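Visitor: Okay, here's the structure, questions in a sec.
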Amino acid sequence: MTSATLAQIRAASPLIHCITNYVTVNDVANVLLAIGARPIMADDPEEVEEITALCAGLCLNIGTLNARTIPSMIAAGKRARALGHPVVLDPVGAGASRLRTATALRILDEVRPTLIRGNISEVRTLAVGTGTTKGVDANAADAVTEENLAAAADLLHAFAARAEAIVAVTGAIDLVTDGRDCYAIRNGRAEMGQVTGTGCQLSALLAAALAAAPADPLAAVSETVVLMGVAGEIAWAQMGEHDGNATYRTRIIDAIYRMNAEDLNARMNITKL
Amino acid sequence: MTSATLAQIRAASPLIHCITNYVTVNDVANVLLAIGARPIMADDPEEVEEITALCAGLCLNIGTLNARTIPSMIAAGKRARALGHPVVLDPVGAGASRLRTATALRILDEVRPTLIRGNISEVRTLAVGTGTTKGVDANAADAVTEENLAAAADLLHAFAARAEAIVAVTGAIDLVTDGRDCYAIRNGRAEMGQVTGTGCQLSALLAAALAAAPADPLAAVSETVVLMGVAGEIAWAQMGEHDGNATYRTRIIDAIYRMNAEDLNARMNITKL
Amino acid sequence: MTSATLAQIRAASPLIHCITNYVTVNDVANVLLAIGARPIMADDPEEVEEITALCAGLCLNIGTLNARTIPSMIAAGKRARALGHPVVLDPVGAGASRLRTATALRILDEVRPTLIRGNISEVRTLAVGTGTTKGVDANAADAVTEENLAAAADLLHAFAARAEAIVAVTGAIDLVTDGRDCYAIRNGRAEMGQVTGTGCQLSALLAAALAAAPADPLAAVSETVVLMGVAGEIAWAQMGEHDGNATYRTRIIDAIYRMNAEDLNARMNITKL
């Protein structure tokens, strides 16, 4: 696999509608600009259908969901799907509260997203319908490792087939499957977990990738998961002795802004399972 | 023209009330601190009139407007005007949804802001009462260029006269008019559009400028539009080979923090039309 | 005093529930990650009790309070206290509007927080029940100085005893008291006030400290106030000639990420009153 998706995103410059949490929203906007896409954030029920109709893709992120924005997500999601736009669901914290689990399951059921991107605990919660998520990070006990890789892939494979969606689970090893093929990706760095919102950023980038490269959605998703990991690797290589997670945050987005196909292909570590 | 506004802002350190979007709010707060003003964000209907009464200026930004904050904007805006405080309207995305267009027009009508600052598509939407904004960036077809400069200036001139407000449109060429005089400003860099919120930041700075330099509002606005562009130029000159839009974001605010009258006057590129 | 709290936070990695303002929320999340804790933001009434039950501590920050989040703060606060979790109240802008003053007093009364962290104007407002806060910064007339230190300490001492809480007031000189002992801390730099949210960040760090080091809450709080000040000093020492408050913002969080006990103890400037 060589990455074509980045060039397609830069060529198409898709406008991406994000209904997303207020913790990481600024980084989500800047990372979309970094990759060559364009963000618009709008979450009021009165306008979300109109806004999403202007766009090429939609990212629904439940990180700070509330009674006002849940109906907005459902309405925007349905409208986007009716228009044939890709919809990404980032089920932040699914399993941590009944509201989050129920909302994510409701979006799965009513919107039928194109892609679900989360950590293993969140996605496991959706796959089995109940969860044990502790906060917004994956539980250590759930982590995808070399030892349980096959079992995790089987779970996600079955879930993707049932949800008729691509499923992307990110962690030390990332897994991407459309219910037929499954890829394991070993890019990125553990320190990315010390920057809030790298997962939210990836979800938004995936909406841009699906919008700009619709011919092969599984490739678009896999390549963009690789790109985020490679950005984390390149950014880490720039870190100085006094730099910490705040500088790393900046450097990751910078690395996406500066990403080129050569670096991406040279560092890409992806295996078909 | 030599810039006096910066010194006046630093001397007065005006407290600026912002009802603004959650995408760029942190940068808006830090840029106000960078220039020597002080921010306060408050958007609940129950407190906005009291908060704005404490302040010297108000910035209304509809970037993530909702059913709760629209009445807050109207109430704060009316109170600020009754107290003689300058009110800036940033009509983010006017033309992209009926809610945004209607809200911006309602603020124009009921609040009568001192200044409207937007991109050409947003301001054209307000000037003609209907729009074709695609997202939160100006349409390429609307862009102010050397070729259509006179026509754009005429449109804005007439709109400013009718709205009894200063109108500032920013883009490759910025235009500022109070309905009598009109200035074209050719500072800034195209890459500023790859950082989310540079427009939001400018709108907040303009509220500070109008609060601190009330004697000549058109000069205060023009000089502050220049300042934002010069900050973008200085910041770009600091960029290293690995830096991208995230570092540029930081450097722009830093440049405002470090701005001095010499650099500002040396780089100022403003023409009376 | 030598600092043990930092090591305890890193060892325990407490999950901290924040109901906080949208201006500085990203920095609050990243600073918690920098120190080795983990953030979760959730503010809808339907989920806050469940979320806080998963966590080890709670931070209530009224910086952009609204009609939906005030009941969330009360409910989460009561639940956290019932579970024996530490609760920090950051009464941002208390005194600037009746809503802020009344909400902060209601949280004091109904939640009985473990710690109140604010600037002198905010805390004075709560101590005397009415206030003169001008915005979100302390009034110059209220500032704690070498001259009025004893009087300020007496006020806070009495307030802490009455509220049965630790009180931490930060400014040029920080004061920390549990109603019995009182410490004055002379770390930090005035330029920290030119970065929005360093106070919000400290409040969240204090929730992590209280969660991770419950044996001696006053020491945990004092050492963490010192840590924030030392981070500001170390970060300032890294500043280059073109850097401003935006770079300083990044460097402060970086300094917390890189903080070690040696630097902390070497720079610690704390006096028992």
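Visitor: Tell me, which residue of the range B:164-181 that is within 18 Å of B:VAL87 (Cβ to Cβ) and over 14 Å from the mean Cα position of the chain (by Cα) is surrounded by the fewest Cβ atoms within 10 Å (Cβ to Cβ)?
Guide: B:GLU164
Visitor: Condition (residue is of a type in the set (Ser, Thr, Tyr) and surrounded by fewer than 24 Cβ atoms within 10 Å (Cβ to Cβ)) applied to the range C:109-123: is it met by at least one residue?
Guide: Within the range C:109-123, not a single residue is of a type in the set (Ser, Thr, Tyr) and surrounded by fewer than 24 Cβ atoms within 10 Å (Cβ to Cβ).
The rows are residues; the columns are (1) under 24 Å from A:ALA29 (Cβ atoms); (2) aliphatic (A, V, I, L, M); (3) more than 16 Å from the chain's Cα centre (by Cα).
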residue	(1), (2), (3)
B:LEU99	yes, yes, yes
B:ARG124	yes, no, no
B:ALA143	yes, yes, yes
B:ILE185	no, yes, no
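Visitor: Could you tell me how many of the residues in the range C:82-132 are more than 14 Å from every other protein chain (Cβ to nearest Cβ), assigned to a helix (DSSP H, G or I) and in contact (Cβ under 8 Å) with a residue 24 or more places away in the chain?
Guide: 10
Visitor: Then there's this: Count, please, the residues in the range B:237-254 that happen to be among the hydrophobic types (A, V, I, L, M, F, W, C) and within 22 Å of B:VAL169 (Cα to Cα).
Guide: Count: 2.
Visitor: Also, quick follow-up: Looking at the range B:45-68, which of its residues are among the hydrophobic types (A, V, I, L, M, F, W, C) and outside any loop (DSSP other than H, G, I, E, B)?
Guide: B:VAL48, B:ILE51, B:ALA53, B:LEU54, B:LEU58, B:CYS59, B:LEU60
Visitor: Right, another one. Can A:ILE16 be described as more than 27 Å from C:THR69 (Cα to Cα), within 17 Å of the chain's Cα centre (by Cα) and assigned to a strand (DSSP E or B)?
Guide: Here the answer is yes, as A:ILE16 does meet what is asked.
Visitor: Give A:ALA104, A:ALA42 a once-over and let me know the one that is over 19 Å from A:VAL167 (Cβ atoms), at pLDDT 95 or above and in contact with a Ser or Thr (Cβ under 9 Å, 6 or more places away or on another chain).
Guide: Residue meeting the stated conditions: A:ALA42.
Visitor: Also: It is to be established whether one or more residues within the range B:2-14 are touching a residue at least 40 places away in the same chain (Cβ under 8 Å), over 21 Å from C:ARG98 (Cβ atoms) and touching a Cys at 6+ places or on another chain (Cβ under 6 Å).
Guide: Scanning the range B:2-14, I find no residue that is touching a residue at least 40 places away in the same chain (Cβ under 8 Å), over 21 Å from C:ARG98 (Cβ atoms) and touching a Cys at 6+ places or on another chain (Cβ under 6 Å), so the answer is no.
Visitor: Still on this model: Output the residues belonging to the range C:51-95 that are charged (D, E, K, R), under 30 Å from B:CYS55 (Cβ atoms) and out of contact with any strand residue (DSSP E or B) (no Cβ under 7 Å at 6 or more places or on another chain).
Guide: C:ARG68
Visitor: So, of the residues in the range B:56-73 that are buried (at least 19 other Cβ atoms within 10 Å of the Cβ) and over 18 Å from the mean Cα position of the chain (by Cα), which turns out to be nearest to B:VAL136 (Cα to Cα)?
Guide: Only one residue fits best here, namely B:ASN66.
Visitor: Please go through the range C:45-60 and pick out each residue that is touching a residue at least 24 places away in the same chain (Cβ under 8 Å) and under 11 Å from A:SER97 (Cα atoms).
Guide: Of everything in the range C:45-60, those that are touching a residue at least 24 places away in the same chain (Cβ under 8 Å) and under 11 Å from A:SER97 (Cα atoms) turn out to be C:VAL48, C:GLU49, C:ILE51, C:THR52, C:ALA53, C:LEU54.
A quick yes/no check of all residues on (1) of a type in the set (Val, Ile, Thr); (2) more than 9 Å from chain C (Cβ to nearest Cβ); (3) more than 21 Å from B:ARG81 (Cα to Cα); (4) surrounded by 23 or more Cβ atoms within 10 Å (Cβ to Cβ):
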{"residue": "B:ALA7", "(1), (2), (3), (4)": "no, yes, yes, no"}
{"residue": "B:ALA11", "(1), (2), (3), (4)": "no, yes, yes, no"}
{"residue": "B:PRO14", "(1), (2), (3), (4)": "no, yes, no, yes"}
{"residue": "B:ASN21", "(1), (2), (3), (4)": "no, yes, yes, yes"}
{"residue": "B:VAL25", "(1), (2), (3), (4)": "yes, no, yes, yes"}
{"residue": "B:ALA29", "(1), (2), (3), (4)": "no, no, yes, yes"}
{"residue": "B:ILE35", "(1), (2), (3), (4)": "yes, yes, yes, yes"}
{"residue": "B:PRO39", "(1), (2), (3), (4)": "no, no, no, yes"}
{"residue": "B:PRO45", "(1), (2), (3), (4)": "no, no, no, no"}
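Visitor: Then there is this: Restricting to the range A:222-263, name every residue that is farther than 16 Å from A:ARG189 by Cβ, away from chain C (no Cβ under 14 Å) and surrounded by fewer than 24 Cβ atoms within 10 Å (Cβ to Cβ).
Guide: A:TYR257, A:ARG258, A:ASN260, A:ALA261, A:GLU262
Visitor: Right, here's the next one. For the range B:184-204, enumerate the residues that are touching a strand residue (DSSP E or B) at 6+ places or on another chain (Cβ under 9 Å) and either away from chain A (no Cβ under 14 Å) or farther than 21 Å from B:LEU156 by Cα (or both).
Guide: B:ALA184, B:ILE185, B:ARG186, B:ASN187, B:GLY188, B:GLY193, B:THR196, B:LEU202, B:SER203, B:ALA204
Visitor: Could you list, in sequence order, the residues of the range B:182-216 that are in contact with a helix residue (DSSP H, G or I) (Cβ under 6 Å, 6 or more places away or on another chain), farther than 16 Å from B:PRO39 by Cβ and either surrounded by 24 or more Cβ atoms within 10 Å (Cβ to Cβ) or touching a residue at least 60 places away in the same chain (Cβ under 8 Å) (or both)?
Guide: Of everything in the range B:182-216, those that are in contact with a helix residue (DSSP H, G or I) (Cβ under 6 Å, 6 or more places away or on another chain), farther than 16 Å from B:PRO39 by Cβ and either surrounded by 24 or more Cβ atoms within 10 Å (Cβ to Cβ) or touching a residue at least 60 places away in the same chain (Cβ under 8 Å) (or both) turn out to be B:CYS182, B:TYR183, B:ILE185, B:ASN187, B:GLY188, B:MET192, B:VAL195, B:THR196, B:THR198, B:ALA213.
Visitor: Let me ask something else. Checking the condition in contact (Cβ under 8 Å) with a residue 60 or more places away in the chain, in a helix (DSSP H, G or I) and not acidic (Asp, Glu), which residue from C:VAL23, C:VAL31 passes?
Guide: Answer to the selection: C:VAL31.
Visitor: Please go through the range C:107-147 and pick out each residue that is out of contact with any strand residue (DSSP E or B) (no Cβ under 9 Å at 6 or more places or on another chain), acidic (Asp, Glu) and at pLDDT 90 or above.
Guide: Hits for the range C:107-147 are C:ASP109, C:GLU110, C:GLU146, C:GLU147.
Visitor: Checking C:ALA168 against (1) in contact (Cβ under 8 Å) with a residue 60 or more places away in the chain; (2) not in a helix (DSSP H, G or I), which test does it fail?
Guide: (1)
Visitor: Does the range C:264-273 hold any residues that are surrounded by fewer than 18 Cβ atoms within 10 Å (Cβ to Cβ) and in a helix (DSSP H, G or I), and which are they?
Guide: C:ASN265, C:ALA266, C:ARG267
The values are calculated or read from the model by the stated rules, or taken from the named source; none is laboratory data. Worth saying up front: this structure is predicted, and the values here are computed from it rather than measured. We place every Cβ from the backbone using ideal geometry, glycine too, and count neighbours over all the protein chains shown.
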